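See below for the structure under consideration.
Computed from the coordinates by the stated procedures, all read-outs in this text should not be read as laboratory data. Because the structure is predicted, anything quoted here is derived from the model rather than measured. Methodologically, a virtual Cβ is constructed for each residue, glycine included, from the backbone with ideal geometry; neighbour enumeration extends over all protein chains shown.
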Amino acid sequence: MWFEDGEMHYNKSGNNDAYKLEFSKNKTINDIKADTISINSILSTHKLNYIDYVKMDVEGAEYDIFQRNTEWLKSVQQLKIEVHHGEDVFNFIQNILIANGFETVKDTHHWSTIIAYKHQ
């Protein structure tokens, strides 16, 4: 999942059991290429106009996903998002969600997770 369709390049972390995705225009020989698809494209391809719940754990890509092309938020009723870049990104995403009609709370079981929902 990404903010647009296409491809991205990222560096595999040194930790074999975890990855952190950070988009960079500076490609290196060690980069891994991955095809990308936006949530907007998923909605369009499958002719969806309503999503009950989105669970997002995208290993650091959440900041990029919420920077642009967030029209898909209009179709979503609830989200749970794990944020990997600290309090500034947590607040940035939380503000985007609030601006799109969500109420948000910090998950009490995981310090970097936002729970968001719209009232029916």
Cβ pairs under 9 Å, 6+ apart or interchain, first in segment 39-63 and under 18 Å from Gly6 (Cα atoms), second exposed (fewer than 10 other Cβ atoms within 10 Å of the Cβ) and of a type outside the set (Asp, Glu), ordered by first then second residue, are Leu43/Asn49
For Arg68, the lone unmet condition from (1) over 25 Å from Glu7 (Cα atoms); (2) of a type in the set (D, E, K, R); (3) touching a residue at least 40 places away in the same chain (Cβ under 8 Å); (4) loosely packed, with under 12 Cβ neighbours inside 10 Å is (1)
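Based on this model, can you work out whether Thr104 counts as surrounded by 15 or more Cβ atoms within 10 Å (Cβ to Cβ), more than 11 Å from the chain's Cα centre (by Cα) and closer than 19 Å to Glu7 by Cα?
Details: surrounded by 15 or more Cβ atoms within 10 Å (Cβ to Cβ): yes; more than 11 Å from the chain's Cα centre (by Cα): yes; closer than 19 Å to Glu7 by Cα: no.
Against the criterion (surrounded by 15 or more Cβ atoms within 10 Å (Cβ to Cβ), more than 11 Å from the chain's Cα centre (by Cα) and closer than 19 Å to Glu7 by Cα), Thr104 does not qualify.
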